[in-house]
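Visitor: I'd like to ask some things about the structure below.
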Amino acid sequence: MLRALAGSLALTLISTAALAQTGVSKVAITAAPWLSIPVGPRAQAMGASAAATSEDPTALYWNPAGIARPTRSAATFAHTGWIGGLSHDFAGVTVYAGPRLGTIGLHLISLRSPEMAVRTEGAQEGTGEFFSTGFYGVGVSYARSLTDRFSVGLTGKYLHEQIWNSGSGGAALDLGTLFVTDVAGGLRIGAAILNFGPRMKIDGRDLRVTVDPDPQTSGVDNVGARIETDTWQLPLTFRFGLASTPYRTDTQRLTVAVDALHPTDNNESLNLGGEYALYDRVFLRGGYRSLFLADTEEGLTLGLGLSQPVAGRLVRADYAYQDLGRFPAVHSLSVGFTF
């Protein structure tokens, strides 16, 4: 069995590397690219290898089947100072309703910019007006363990993008599964299809203009018109993950994980990560993102976490560092608790 698992992992590595090297890049062909920004310092620090490891409310982003495993309700709030002065935030709550009813989850993701001056060709220092951008997603999830080893999860979410006075919106679905085995250190197998939905299109007041249909002649001018934009598909992603705990004692635990990604807006790649836990109170993490992906700025990730019981609740704080190559490094923080 172990040889078969090792062979499968090797085949996954080789196949992903080959596809990543030979495929044509598909960057910037979808709407809502902000959906690809990883959520939660624990997963971020482990190289975004979370399809089979995430069970806290951040699993609502990675693989909704993960929230079916814990038997306590939980809440998590995470903040990432993203590149370009953008602010990326996540809030998630999972409510455990029992083994028969399963778990319900709610989450909100936002990516917001600071206000920027409106500049035109004739007013390059600014017109005196200001605008901002905002991208939001709100989702409702349901997950249930069908057996003591296999769980499924489904998320329905609404997405909205706003740039000054124009925007677009649409619905999407996430579907995930998680299987926990009793081999290879409790090997976990997670798979999720994310962002399945219709195409999105920008519309709004900023796309309304006045034109002169025939500038060569006098007569009718300043006719009202509207700029028609194209429609763009969502960044549909298939994520397959393996995770194992090859070393475990009463006080220590080492978990390793790998995720293989097949997105519609990029080539295939691998994410690798690991977590060392001491007394289930202190956590040291590291990983590497976008392995085999050409022309990427993503790479090394590091982080740590602290967990402490307080008044019958488990309170947790996490931090992650992400190296983005030529861009400034990204730092993330989160707090969470059970109830």
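The values are calculated or read from the model by the stated rules, or taken from the named source; none is laboratory data. Treat the numbers as computed from the prediction; the structure is a model and nothing was measured. Every residue, glycine as well, gets a Cβ built from its backbone with ideal geometry; the counts of neighbours run over all protein chains shown. Surface accessibility is based on the protein's heavy atoms, side chains included, excluding ligands, DNA and RNA. Shrake-Rupley method; radii C 1.70, N 1.55, O 1.52, S 1.80 Å.
Visitor: Go through region 221-241 and give me each residue that's part of a loop (DSSP other than H, G, I, E, B), open to solvent by 70 Å² or more (accessible area, probe 1.4 Å) and closer than 21 Å to Ala260 by Cβ.
Guide: Hits for region 221-241: nothing passes.
Visitor: Would you pick out the residues in region 275-287 that are within 22 Å of the chain's Cα centre (by Cα) and buried (at least 19 other Cβ atoms within 10 Å of the Cβ)? Quick ask: steps written out before the conclusion?
Guide: Start the filter on region 275-287 by keeping residues that are within 22 Å of the chain's Cα centre (by Cα), which leaves 275, 283-287.
Of everything in region 275-287, those that are within 22 Å of the chain's Cα centre (by Cα) and buried (at least 19 other Cβ atoms within 10 Å of the Cβ) turn out to be Glu275, Phe283, Arg285, Gly287.
Visitor: While we're looking at this one, here's another question. Can you tell me which residue is modelled with the highest pLDDT among those in region 156-187 that are out of contact with any His (no Cβ under 8 Å at 6 or more places or on another chain) and of a type in the set (S, T, N, Q)?
Guide: It comes out as Thr177.
Visitor: Right, next: Please enumerate the residues belonging to region 62-94 that are without any contact (Cβ under 8 Å) to a residue 60 or more places away in the chain and either surrounded by fewer than 16 Cβ atoms within 10 Å (Cβ to Cβ) or of a type in the set (Asp, Glu) (or both).
Guide: Result: Thr71, Gly84, Gly85, Ser87, Asp89.
Visitor: So, of the residues in region 191-213 that are at pLDDT below 95 and small (Gly, Ala, Ser), which turns out to be most open to solvent (accessible area, probe 1.4 Å)? Lay out the reasoning, then the answer.
Guide: Just the residues of region 191-213 that are at pLDDT below 95, to begin with: 197-213.
This time we only want the ones that are small (Gly, Ala, Ser), so: 197, 204.
On the way: Gly197: 36, Gly204: 14 Å².
Looking at residues that are at pLDDT below 95 and small (Gly, Ala, Ser), I get Gly197.
Visitor: Further question on the same structure: Can you work out which of the residues in region 132-190 that are under 18 Å from the mean Cα position of the chain (by Cα) and of a type in the set (Asp, Glu) is surrounded by the most Cβ atoms within 10 Å (Cβ to Cβ)?
Guide: Asp174
Visitor: Related question: Here are the criteria: (1) at pLDDT 95 or above; (2) of a type in the set (A, V, I, L, M); (3) open to solvent by 40 Å² or more (accessible area, probe 1.4 Å). Tell me which single one Ala320 does not satisfy.
Guide: Status for Ala320: all satisfied but (3).
Visitor: Pick out the one residue from Gly137, Gly105, Gly66, Gly92 that is at pLDDT 95 or above and in contact with a Lys or Arg (Cβ under 7 Å, 6 or more places away or on another chain). Please lay out each step first, then the result.
Guide: Numbers: Gly105 fails: in contact with a Lys or Arg (Cβ under 7 Å, 6 or more places away or on another chain); Gly66 fails: in contact with a Lys or Arg (Cβ under 7 Å, 6 or more places away or on another chain); Gly92 fails: in contact with a Lys or Arg (Cβ under 7 Å, 6 or more places away or on another chain).
Sole residue among the options that is at pLDDT 95 or above and in contact with a Lys or Arg (Cβ under 7 Å, 6 or more places away or on another chain): Gly137.
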